[in-house]
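A.B. asks: Encoded as structure tokens, here's the structure I'll be asking about.
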Amino acid sequence: MYNVMDFGAVGDGTTDDTGPVQAAVDACAQAGGGRVVIPGGHVFRTGTVTLRSHVELHLEHGATLAGSPNFEDYSVRFGGVVRNDGSSSWGDTPTTVLLNAEGARNVSVTGSGTIDGAGRHYVTGDNGHIYEMDQRRPFTVYFRDCRNVTFRDVTIVDGAVWTLRLSLCDDVLIHGIRIHNDLKTPNSDGIDLDCCRRVRISDCDIVAGDDAICLKACLETVENAGEREAVCEDVTVTGCTITTTSSALIAGVEDQTAIRNVVFSSCVIRQSARGLAVRLAEGGEVANVLFSDIVVETRFFHSGWWGRGEPIAIMAVPWTDRCGTIRNVRVRNVLCRSENGVLVLAQEPGAIEGLVLEGVRVEIDRWSRWEGGHADLRPRRAEPFPAMPTDAFHLENVQGAVLRDCEVVWTRRPDDGRHALYAENCPGLVNRDFRGEAAHPSREVPVVLA
């Protein structure tokens with residue numbers, strides 16, 4: 001046991017305790033490993049703390065590790081990443097990190113205490129729906145190239161950007177944690193798995209201003225992977241409750257290589273901008289993804305947030321000039337209440353194949369103040385919000401899709417509502433035991449297959 005107060009930490013919430021906390025971690029690592037204790041009843045304000053191999057950081061009940069409001073207190077910083085089209089992931093201003101690890105083995109963060117990501121200190125403006133942020137805001141947790149990583153039971157609040165980010169990490173367990181961020185903080189994702197392998201996420205509660213659980217293969221990670229195969233694979237997510245202003249469960253957007261062999265199951269999603277998503281935007285591949293036994297509720301938000309209330313969104317639309325393929329996605333036993341319908345769309349034929357939707361019930365309702373009638377295809381160089389009537393199921397340029405035992409119910413029949421099922425350029429489509437009617441049967445037929 002290495003209590004940080006034995007190394008001089010004060011824990012009054014105002015003193016900079018970075019040095020003593022880091023000293024406790026270093027002493028623990030030098031002794032071969034053990035537990036560094038953040039004791040209850042105290043708030044320890046720090047800048048960057050770097051964990052080492054064989055160290056467990058344990059936060060007791062009533063303990064808080066709080067990120068500093070001062071940029072100068074953070075010693076680990078990351079510059080912006082320039083993409084092929086000249087854009088930058090984070091801009092030119094360096095991004096910082098609160099809890100850091102690189103190349104660590106057998107590293108854990110446990111306990112019933114709290115990690116405070118300090119997001120509120122980096123708000124520079126508020127338009128009523130989404131904050132403007134100082135781009136120097138810290139990642140709350142950023143681990144890179146680590147093995148045997150565990151996060152258990154901790155609560156993380158007020159993440160400023162990508163709350164729990166793991167890049168090139170293998171053999172990861174994330175269980176029973178809570179992430180509660182301000183829903184107006186942009187990019188405050190819950191959990192981001194970036195080129196990680198063999199990951200289990202279970203029984204977590206996530207409230208996030210942006211994607212809640214997101215699988216990625218980011219440009220900067222792929223370029224710095226060395227000889228390692230930079231892919232995201234062999235991931236299970238189960239038993240989570242989620243609220244987000246963007247996608248709840250998503251594979252993709254940043255997808256330079258492969259994202260594959262993924263299972264999402266037994267989750268409840270409420271009041272989110274997008275529910276279950278596979279979003280291919282770059283030149284990689286997403287393959288073998290299962291979504292099953294999930295309850296989804298999605299709604300419209302201000303256009304500053306990505307997503308237009310789709311309970312299920314599977315899209316292959318290039319960010320700039322290229323796009324890979326989506327193969328073998330299965331969605332089974334999903335109950336949806338949403339302001340928009342299921343969207344499966346490829347910009348070019350052949351980019352999506354082998355899709356199965358089985359036992360999917362879509363109830364279309366409207367309760368927010370935002371208007372429907374268009375899609376959200378961001379990130380995209382062309383028109384990001386093309387006009388699109390609300391179909392309960394909309395499939396476009398999809399190869400070999402199968403729909404079995406799907407159902408449509410219109411609680412509200414909006415003026416922009418259209419078909420129960422619309423399929424355009426979908427060779428090999430199989431549709432069995434489909435139930436439902438058009439939003440306005442007197443105007444349209446319930447099923448259109450083009």
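A.B. asks: Which whole-percent values make up P(r) of the chain when all C-alpha to C-alpha distances are grouped in 20 Å steps starting at zero?
C.D. replies: Here the calculated profile for the chain is 26, 54, 18, 1.
A.B. asks: If you wrap a convex hull around the C-alpha atoms of the range 301-433 and split its volume per residue, what is the figure in Å³?
C.D. replies: On the way: hull volume 12.8 nm³, N = 133.
Here the figure is 96 Å³ per residue.
A.B. asks: Measure off 7 Å from each Cα along the Cα-to-Cβ vector at residue 203 and residue 134, then give the distance between these two points in nanometres to one decimal.
C.D. replies: Between residue 203 and residue 134, the label points sit 3.8 nm apart.
A.B. asks: Sticking with this one: Would you list 115, 269 from fewest to most Cβ contacts within 10 Å? List each step's numbers first, then the result.
C.D. replies: Details: 115 30, 269 26.
Going from least to most buried by this count: 269, 115.
A.B. asks: Give me 317, 342, 262 sorted ascending by neighbouring Cβ count inside 10 Å, so fewest comes first.
C.D. replies: Numbers: 317 21, 342 27, 262 24.
Fewest-to-most ranking of 317, 342, 262: 317, 262, 342.
A.B. asks: Taking the beta-carbon count within 10 Å as an exposure proxy, list 369, 299 from fewest neighbours to most.
C.D. replies: Values: 369 7, 299 22.
In order of increasing Cβ crowding within 10 Å: 369, 299.
A.B. asks: For the chain, take the longest principal axis of its alpha carbons; what is the angle in degrees between that and the long axis of helix 18-30, to the nearest 10 within 0 to 90?
C.D. replies: Compared with the principal axis, the helix lies near 90 degrees.
A.B. asks: Under the rule a/c < 1.5 gives rounded, and otherwise a/b versus b/c splits prolate from oblate, where does the range 362-450 land using the Cα gyration tensor? Working shown, then result.
C.D. replies: Details: a/c = 1.92, a/b = 1.09, b/c = 1.76.
It is oblate, given that a/c is not under 1.5 and a/b is not larger than b/c.
A.B. asks: Along the positive direction of the dipole of the chain (beta-carbon charges: Lys, Arg +1; Asp, Glu -1; about the Cα centre), which of 57, 302, 438 reaches farthest?
C.D. replies: Positive-most Cα among the choices belongs to 438.
A.B. asks: Normalised by the empirical 2.2 N^0.38 Å for globular proteins, what value does the Cα Rg of the range 218-261 take? Don't skip to the end; give the middle numbers.
C.D. replies: Values: Rg = 13.0 Å, N = 44, 2.2 N^0.38 = 9.3 Å.
So the Cα radius of gyration is 1.40 times the expected 2.2 N^0.38 Å.
A.B. asks: Between residue 224 and residue 123, what is the label-point separation in nm under the 7 Å Cα-to-beta-carbon projection?
C.D. replies: Each label point is offset 7 Å from its Cα along the Cβ direction, giving 3.0 nm.
A.B. asks: State, to one decimal in nm², a quarter of the convex hull surface area for the C-alpha atoms of the range 129-256, i.e. the direction-averaged projected area. Working shown, then result.
C.D. replies: Working: hull surface 28.4 nm².
Value for the range 129-256: 7.1 nm².
Every read-out reported here was derived from the displayed coordinates using simple, explicitly stated rules and does not represent laboratory data. These numbers were taken from a predicted model, which means no experiment stands behind them. Backbone-built Cβ (ideal geometry, glycine too); neighbour counts: all protein chains shown.
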